[in-house]
């Protein structure tokens with residue numbers, strides 16, 4: 001049991017196994033090697049390896065304590081989606097109802113998510129995740145406001161240019177996607193340029209160009225910048241709090257020194 005603990009509780013061994021498993025899964029994605037039995041055997045070995053890792057942790061930590069860690073819950077999910085491959089390997093006739101192609105391929109791709117376990121070993125990762133969660137909560141209302149703005153612009157654009165450019169603004173869904181592209185400032189100039197040849201009236205042409213410039217300015221520059229600013233501000237709030245605490249302690253020390261100096265003068 002001590003030998004198993006050294007293997008399955010060693011971070012270096014587990015990380016090495018994750019990397020090798022990812023290499024094998026990537027290798028198997030090439031059509032030439034997709035049906036190679038040797039690679040399938042190695043892939044099944046890693047399935048068993050991570051299954052035994054989970055069982056050893058259950059023994060050492062206890063099942064209740066094991067599931068108190070969110071990373072362990074994540075590992076448990078990955079082991080569960082790997083079980084169909086194990087079952088088919090052990091008793092293919094008994095579990096013949098399990099599809100052997102697309103479903104297993106999806107499960108194998110899920111196991112690539114195990115690479116996220118590297119995040120556990122990044123310094124201050126818990127601090128970063130806490131900041132990201134706080135930033136997501138602070139940004140959610142601004143995000144919905146931006147999506148509402150996107151939808152409103154999409155409806156206006158659909159009514160204004162739906163008949164002129166049906167491939168981009170022919171219905172609200174197409175228009176929403178096209179406006180979102182403009183919000184990301186990804187090839188936004190292609191939208192008005194594609195309408196130039198379809199509009200003969202010069203006043204309507206310049207009105208259309210001004211309209212799309214306003215869409216980019218309001219949604220793409222102001223809207224997206226606001227979301228980014230709020231997100232970054234919340235992410236760095238902990239750093240600001242830490243600096244403020246240090247400044248407060250420094251001020252307290254300065255006040256103590258002033259008090260000592262005044263007492264000596266008396």
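The values are calculated or read from the model by the stated rules, or taken from the named source; none is laboratory data. Computed from a predicted model, the values in this text were never measured in an experiment. So basically every Cβ, Gly included, is an ideal-geometry build from the backbone, and we count neighbours across all protein chains shown.
Within region 162-175, track down each residue that is over 17 Å from residue 218 (Cβ atoms) and surrounded by 14 or more Cβ atoms within 10 Å (Cβ to Cβ).
Here is the first cut: in region 162-175, the ones over 17 Å from residue 218 (Cβ atoms) are 162-174.
Of everything in region 162-175, those that are over 17 Å from residue 218 (Cβ atoms) and surrounded by 14 or more Cβ atoms within 10 Å (Cβ to Cβ) turn out to be 162, 164, 165, 168, 169, 170, 172, 174.
Considering only residues that are within 26 Å of the chain's Cα centre (by Cα) and in contact (Cβ under 8 Å) with a residue 40 or more places away in the chain, which ones fall in region 54-74?
Start the filter on region 54-74 by keeping residues that are within 26 Å of the chain's Cα centre (by Cα), which leaves 54, 66-74.
Once the filter is applied, which keeps residues that are within 26 Å of the chain's Cα centre (by Cα) and in contact (Cβ under 8 Å) with a residue 40 or more places away in the chain, region 54-74 yields 71, 74.
Quick check on region 135-142. Is at least one of its residues closer than 30 Å to residue 17 by Cβ and either modelled with pLDDT under 65 or part of a helix (DSSP H, G or I) (or both)?
Initial filter on region 135-142 (closer than 30 Å to residue 17 by Cβ): none.
Looking through region 135-142, none of the residues is closer than 30 Å to residue 17 by Cβ and either modelled with pLDDT under 65 or part of a helix (DSSP H, G or I) (or both).
If residue 154 passes every condition in (1) buried (at least 17 other Cβ atoms within 10 Å of the Cβ); (2) at pLDDT below 85 but one, which one does it miss?
Failed condition: (2).
If a residue has to be without any contact (Cβ under 8 Å) to a residue 24 or more places away in the chain and part of a helix (DSSP H, G or I) to count, how many in region 192-218 make the cut?
Within region 192-218, the first condition is being without any contact (Cβ under 8 Å) to a residue 24 or more places away in the chain, and the residues that meet it are 192-193, 196-197, 200-207, 209-210, 213-214, 217.
Filter once more, keeping what is part of a helix (DSSP H, G or I): 192-193, 196-197, 202-207, 209-210, 213-214, 217.
The total comes to 15.
Scan region 23-41 for residues that are at pLDDT 80 or above and under 16 Å from residue 79 (Cα atoms) and report the count.
0
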